[in-house]
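Worksheet for the structure shown next.
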Amino acid sequence: MKEAYMKILSDLKANGIDSACIAGRDGLLIFSDMEGIKAQVFAAMSAALLGSAEVAMDELKEGLPKKVVIDGKNRKIIVVGAGSNALLAVIAKSEDVYPIVEKAAKEIKKILR
């Protein structure tokens, strides 16, 4: 599995993603290519973000959110579900990467089945 995760994150980097991590919905880090960032903390906070967004959307009876985006001064954090047990969190400069991130999340979901 490690090789499959490495390939997914490598492909993301080749397409404009600065760094990424794969985490369980409980916030535990599964795999990361993050340097200079505490990946375990980032994974836990990403899980909290996605979980909170899911609860908020459930209150609206709108289903699950497709993604959670935090738009910072120079970068964005994008968190997407990767099946019922995992998530993908990425740091990127552009929102043009949304389709690539969603595709990677689907690949992770397949691996974890």
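Since every read-out is calculated from the coordinates, none of them should be taken as a lab result. Bear in mind the structure is a predicted one, so any value in this text is a computation, not a measurement. Every residue, glycine as well, gets a Cβ built from its backbone with ideal geometry; the counts of neighbours run over all protein chains shown.
For region 64-86, the set of residues classified as surrounded by 10 or more Cβ atoms within 10 Å (Cβ to Cβ) and either touching a residue at least 60 places away in the same chain (Cβ under 8 Å) or within 16 Å of ALA23 (Cα to Cα) (or both) consists of LYS67, VAL68, ILE77, ILE78, VAL79, VAL80, GLY81, ALA82, GLY83, ASN85, ALA86, listed by residue number. Kindly indicate whether ILE8 is more than 11 Å from the chain's Cα centre (by Cα), touching a residue at least 60 places away in the same chain (Cβ under 8 Å) and crowded, with 18+ Cβ neighbours inside 10 Å. The answer is yes for ILE8.
Counting only residues that are assigned to a helix (DSSP H, G or I) and free of Cβ contacts under 8 Å to residues at least 24 places away in the same chain, which one in region 11-30 is nearest to VAL68 (Cα to Cα)?
In this case the residue turns out to be LYS13.
Within region 59-113, the set of residues being of a type in the set (Gly, Ala, Ser) and within 12 Å of the chain's Cα centre (by Cα) comprises GLY81, ALA82, GLY83, ALA86, ALA89, ALA92, ALA104, ALA105. Scanning region 1-35 for residues that are touching a helix residue (DSSP H, G or I) at 6+ places or on another chain (Cβ under 6 Å), of a type in the set (S, T, N, Q) and more than 12 Å from ALA104 (Cβ to Cβ) yields a single hit, SER32.
The set of residues in region 31-58 that are over 14 Å from the mean Cα position of the chain (by Cα), free of Cβ contacts under 8 Å to residues at least 12 places away in the same chain and surrounded by fewer than 14 Cβ atoms within 10 Å (Cβ to Cβ) comprises GLY36, LYS38, SER52, VAL55, ALA56, ASP58. Test LYS61 against the criterion of being free of Cβ contacts under 8 Å to residues at least 12 places away in the same chain and under 14 Å from ALA105 (Cα atoms), and give yes or no. Here the answer is no, as LYS61 does not meet what is asked.
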